[in-house]
């Protein structure tokens, strides 16, 4: 990046995590992985007949400095504090963010980890973040035809849906029969050593 484009920056090519701008992108790593299924068979090697695509992963490493890298931008320690607070908010809220680098734009990315480190070398800190792309399920409703419901029209299931927070009552207990009482007495006598 030339000095002119650094001073008179037009907003293209900068790395951003949500609303956070990194002053320098040190490393960007994208991981695209898949997993082949494996089924053991009696004779020969395992069979693999399907591939499952896993979510895209992104790892970023960059710097945020207290100095201005854009003409007429806000600077100082307040910039470092605000950036750290914003990274904490992204982690706490667990919401998907858009990550933009000079090469690509990643949408629906969720922060899995973020390490912020600072040393005595200067007024900057190093940020290392790991992101994973999420896929959202969409809820669909379907009507079940009455003839497919057990019992069909006028079946026993109609009107039998339970209600929440409804008192279910108590189970009634009946006294045991004479045979149950004598069997119980015999068992207790054997356990207590009074039996034959």
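The values are calculated or read from the model by the stated rules, or taken from the named source; none is laboratory data. Predicted, not measured: the structure shown is a model, and the values here were computed from it. Quick reminder, even Gly has a Cβ in these numbers, built from the backbone with ideal geometry, and neighbours come from all protein chains shown.
Looking only at the stretch 77-101, which residues are part of a loop (DSSP other than H, G, I, E, B), more than 19 Å from residue 27 (Cβ to Cβ) and in contact (Cβ under 8 Å) with a residue 24 or more places away in the chain? Before you say what the answer is, go through the steps one by one.
Initially, the stretch 77-101 is screened for residues part of a loop (DSSP other than H, G, I, E, B), giving 94-96, 101.
Next, only the ones that are more than 19 Å from residue 27 (Cβ to Cβ) stay: 94-96.
The one that is part of a loop (DSSP other than H, G, I, E, B), more than 19 Å from residue 27 (Cβ to Cβ) and in contact (Cβ under 8 Å) with a residue 24 or more places away in the chain: 96.
Checking residue 140 against (1) touching a residue at least 40 places away in the same chain (Cβ under 8 Å); (2) out of contact with any helix residue (DSSP H, G or I) (no Cβ under 8 Å at 6 or more places or on another chain), which single condition isn't satisfied?
Of the numbered conditions (1) touching a residue at least 40 places away in the same chain (Cβ under 8 Å); (2) out of contact with any helix residue (DSSP H, G or I) (no Cβ under 8 Å at 6 or more places or on another chain), the odd one out for residue 140 is (1).
Please specify each residue of the stretch 102-129 satisfying the condition of being outside any strand (DSSP E or B) and touching a residue at least 60 places away in the same chain (Cβ under 8 Å).
102, 103, 104
In contact with a strand residue (DSSP E or B) (Cβ under 9 Å, 6 or more places away or on another chain), at pLDDT 85 or above, closer than 23 Å to residue 135 by Cβ and surrounded by 10 or more Cβ atoms within 10 Å (Cβ to Cβ): does that describe residue 58?
In short, yes.
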